[in-house]
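Each value in this text was obtained by applying a stated rule to the coordinates, not by laboratory testing. Predicted model only: the values in this text are computed from it and were never measured. Glycine gets a Cβ as well: all are built from the backbone with ideal geometry, and neighbour counts include every protein chain shown.
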Amino acid sequence: MIGRLNHVAIAVPDLDAAIALYRDTLGADVKPKQDEPDHGVTVVFITLPNTKIELLHPLGDASPIQGFLDKNPSGGIHHICYEVEDILAARDKLQASGARVLGTGAPKIGAHGKPVLFLHPKDFTGTLIELEQI
Ligand code: CO
């Protein structure tokens, strides 16, 4: 059911420092900052030959990643995103097997303009999983 790894998301306490690290130290192709007020984050995509890295930084007072950064002050891997062809079919299959989908269960439009869902980390070996319909 899941396809390619779309991205790995890393929550960072200092976005400019993380951009400089990936652009200057690691020599990666770093895209411009993108504010996502609906998701409470500013994101920066880094294009690698085989996948993307998504740097996440809190936007606004009620950012869903603020708690993660409070627990992980240096930052850390926040979620990984797998591609699926049919997000509603994937959701229904996962829910039927007992997996919890976060929020209302209805897909939201993610940072790439495509429908996304998040799966509860406790049901997936401690890893927050994002599904993105490609
Ligand atoms: Co993501």
Query raised in the report: How much FRET efficiency would the formula 1/(1 + (r/R0)^6) give for LEU102 and THR51, where r is the Cβ-Cβ distance and R0 is 30 Å, rounded to 0.05?
Result: 0.85
Query raised in the report: lysines within cross-link reach of LYS93: Cα-Cα under 21 Å, excluding same-chain residues under 8 positions apart?
Result: LYS108, LYS114, LYS122
Query raised in the report: Gain in length, LYS122 to LEU5, computed as 0.36 nm per residue apart minus the alpha-carbon separation, to one decimal in nm?
Result: 40.1 nm
Report task. Measure nothing but the geometry: give the 0 to 90° angle between the long axis through the Cα atoms of 87-96 and the longest principal axis through the Cα atoms of the chain, rounded to 10°. Result -> 60 degrees
Report summary line: Treating only Lys and Arg (+1) and Asp and Glu (-1) as charged, each at its beta carbon, one finds that the range 27-84 has a dipole about its Cα centre, in Debye to the nearest 20, of 200 debye
Requested in this report: State log₁₀ I(q)/I(0) for the range 5-133 at q = 0.12, 0.15, 0.22 Å⁻¹ as given by the Debye formula over alpha-carbon point scatterers of equal weight, solvent excluded.
Outcome: -0.46, -0.71, -1.42
Report summary line: A chain fully extended from ALA20 to ALA62 at 0.36 nm per residue, minus the present Cα-Cα distance, gains in nm 12.5 nm
**Report entry** Magnitude of the charge dipole, the chain, Cβ model with Lys/Arg +1 and Asp/Glu -1, debye to 20
**Finding:** 280 debye
Report summary line: Computed, not fitted: 222 nm per-residue ellipticity of the chain from DSSP H runs ≥ 4 (each -39500 (n - 2.57)), nearest 500, equal to -4000 deg cm²/dmol
Query - Amide H contacts of HIS79 (H built 1.01 Å from N, under 5 Å, at least 5 apart or other chain) - result: ALA9
